[in-house]
Amino acid sequence: MSNELDDLVTKTSEWLRGVGPSSEIVVSSRMRLARNLEKFPFATRATDVSQAEVLRLTQEGLRQAPSLRKALSLELDKLDEVNRQFLVERHLISREHAGQPEHRGVVIGAGEVISVMINEEDHLRVQAMQSGLNLREAWTLIDTLDDELSELLPFAYSSDWGYLTCCLTNAGTGLRASVMVHLPALVITKQINKVLHAITKLGLTARGLYGEGTEALGNFFQMSNQVSLGRSEEEIVENIERILKQVIGHEQAAREHLMTNNRLQLEDRIWRAYGVLRHAQTISSNETLDLLSAVRLGVDLGLMASKNGKAIDRPTVNEVLILSQPAHLQKLEGGRLSAQERDVKRATLIRERLH
């Protein structure tokens, strides 16, 4: 299994391609469905025996789904800690899923567009990811897979409550729509807290780069609907798209303000960040994210052209963003690294990629 994961290191995930609508601000869009099998206890009451049976049944069903032909199927307890963290960094499994690997699995479709966590908070967490603000395309993919799985697996469903889930906020459609956004200008202009407070009142929640319980490092935020009960899939998508367009507008206005009123200071901030990344001999993961955030802003504002006319592009910044993460560095090195060794390896990789 480790060898199969090694192949992913050299490939760019769909959500990191740096294309799609509003991709200068919206890094990726994700649609996720929560599903449970009928006649099996949910996670809070599950036993080892029931979880093992759910894993077996769902793996069998997923193998037969046309949307998952040639998919990679992994059992987490057969992976070491680095490989599990590698999957977290690629947004294919959650931190919680990686932390309790027994009787848990993941199925990864071609290009990492579709993936399915088995025995996370729910028996199945089905997700589709796209680059840019592409919620509807992601929804089409996941809706098709859901129809296929409904023919193969007996889902727990109530005519009154819809699909039954471990957490009540996910009941009904079981749908969570989320986007990863890069909002450096709102952070620089100190407007970010006002914006985050506003979206909470409108039914969204904001989390860090790796979801619930994580910090918004590098000015990256995940925004998603708070509840799915009582709302149709179309209503959920429309609501988050409407709010996201407002957030995008605020970030664009903040960028324009900085370019008009503080351009010299902004360019100094961006080029200083680039200078550190290009010449540092050792650098931490958190510092890398903060500096890459500034460089990505410079790329999106067209400020990163060099004297010979060549410019760094968004896909390169996105690639460095993921490859500089701890587990990716260790996968590239082919062995475990201490924190200090990772900082040195990270600096070397960044210098090479940005050269």
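Note on residue 340 and residue 245: their simple-model spin labels are 5.4 nm apart, each label 7 Å out from Cα toward Cβ. Normalised Debye scattering of the stretch 263-354 at q = 0.17 Å⁻¹ gives log10 I(q)/I(0) of -0.68, counting only Cα atoms as equal scatterers and leaving out solvent. Calculated [222 nm] ellipticity per residue, helices only, for the chain: -15000 deg cm²/dmol; basis is -39500 (n - 2.57) per DSSP H run with n ≥ 4, divided by all residues, nearest 500. Can you find, among 288, 334, 41, the residue farthest towards the positive end of the dipole of the chain? Put +1 on the C-beta of Lys and Arg, -1 on that of Asp and Glu. Selected residue: 288. Both radii were evaluated on the Cα set of the stretch 2-256; the Rg over Rh quotient, with Rh as the Kirkwood radius, amounts to 0.96.
Anyone know which of 51, 191, 325 comes out most mobile in the 10 Å Cα GNM of the chain? Of 51, 191, 325, the Gaussian network model singles out 191 as fluctuating most. Relative to the longest principal axis of the Cα atoms of the chain, the long axis of helix 135-152 lies at roughly 20 degrees. Dipole magnitude for the chain: computed about the Cα centre from +1 point charges on Lys and Arg Cβ and -1 point charges on Asp and Glu Cβ, it is near 1220 debye.
Restricting attention to the stretch 128-196, which trypsin sites (Lys or Arg not before Pro) occupy a DSSP loop and are surrounded by at most 11 other Cβ atoms within 10 Å?
Hits after loop and neighbour filter: 190.
Every read-out reported here was derived from the displayed coordinates using simple, explicitly stated rules and does not represent laboratory data. Small disclaimer: the values here were computed from a predicted structure and weren't measured. Counting neighbours? That spans all protein chains shown, and the Cβs are built from the backbone with ideal geometry, glycine included.
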